[in-house]
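Trainee: Structure in structure tokens, see below.
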Amino acid sequence: MAAQGVKRDDPALDSHSIESAQLAFLREEYEKKGISEFYPALCDVVRFNAAWGRAIAEGESSQIELSYDPDDVLGPEALDLARFAREARPSPEAYTVEPGPSGPRMKKARRDRHGVGNGPYRGRRIDR
């Protein structure tokens, strides 16, 4: 059921728009609470889950920038976000999440000679 006043085909319901709104809200909340140092880790969790969901539900490939290794982001250590953000070693990298025959898969994104990835975010700075 769509929110009151929002139609199903409304671009505000696009998964990219929802992801951006979530990240903007979370950034503001983390800044208000004085815990913005945890935001990059939280951002990785949100971005990964959004891309994985798009691959499953929409059959869409996404390129995402992560601050940490995806195995760390998906591991049990990330359940305690504050501890994870303090202890995990940043490992910034771009990844492509794409649909596959037996479920989504993720791989390091190829970069062009300028260091820019090849996915839907090509050429745009991704807010962290």
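The values are calculated or read from the model by the stated rules, or taken from the named source; none is laboratory data. Being a predicted model, the structure only gives us computed values, none of them experimental. Cβ placement follows ideal geometry from the backbone for every residue including glycine, while neighbour counts extend to all protein chains displayed.
Trainee: Just to confirm my filter: which helices (runs of 4 or more DSSP H) fall fully inside the stretch 37-98 and include at least 2 residues that are touching a residue at least 40 places away in the same chain (Cβ under 8 Å) and within 14 Å of HIS16 (Cα to Cα)?
Mentor: Values: elements: 39-57, 70-74, 81-87.
Of the helices (runs of 4 or more DSSP H) lying wholly inside the stretch 37-98, those with at least 2 residues that are touching a residue at least 40 places away in the same chain (Cβ under 8 Å) and within 14 Å of HIS16 (Cα to Cα) span 39-57.
Trainee: Return the only residue of ALA94, ALA78 being in contact with an Asp or Glu (Cβ under 6 Å, 6 or more places away or on another chain), of a type in the set (Gly, Ala, Ser) and either at pLDDT below 90 or surrounded by 12 or more Cβ atoms within 10 Å (Cβ to Cβ) (or both). Don't jump to the end; show me each part of the working.
Mentor: Numbers: ALA78 fails: in contact with an Asp or Glu (Cβ under 6 Å, 6 or more places away or on another chain).
The unique qualifying residue is ALA94.
Trainee: How many of the residues making up the stretch 99-126 are outside any loop (DSSP other than H, G, I, E, B) and either modelled with pLDDT of 90 or more or touching a His at 6+ places or on another chain (Cβ under 9 Å) (or both)?
Mentor: Here is the first cut: in the stretch 99-126, the ones outside any loop (DSSP other than H, G, I, E, B) are 101, 103, 105-108, 111, 117.
Okay, now just the ones that are also either modelled with pLDDT of 90 or more or touching a His at 6+ places or on another chain (Cβ under 9 Å) (or both), so 101, 103, 105-108.
Within the stretch 99-126, residues that are outside any loop (DSSP other than H, G, I, E, B) and either modelled with pLDDT of 90 or more or touching a His at 6+ places or on another chain (Cβ under 9 Å) (or both) number 6.
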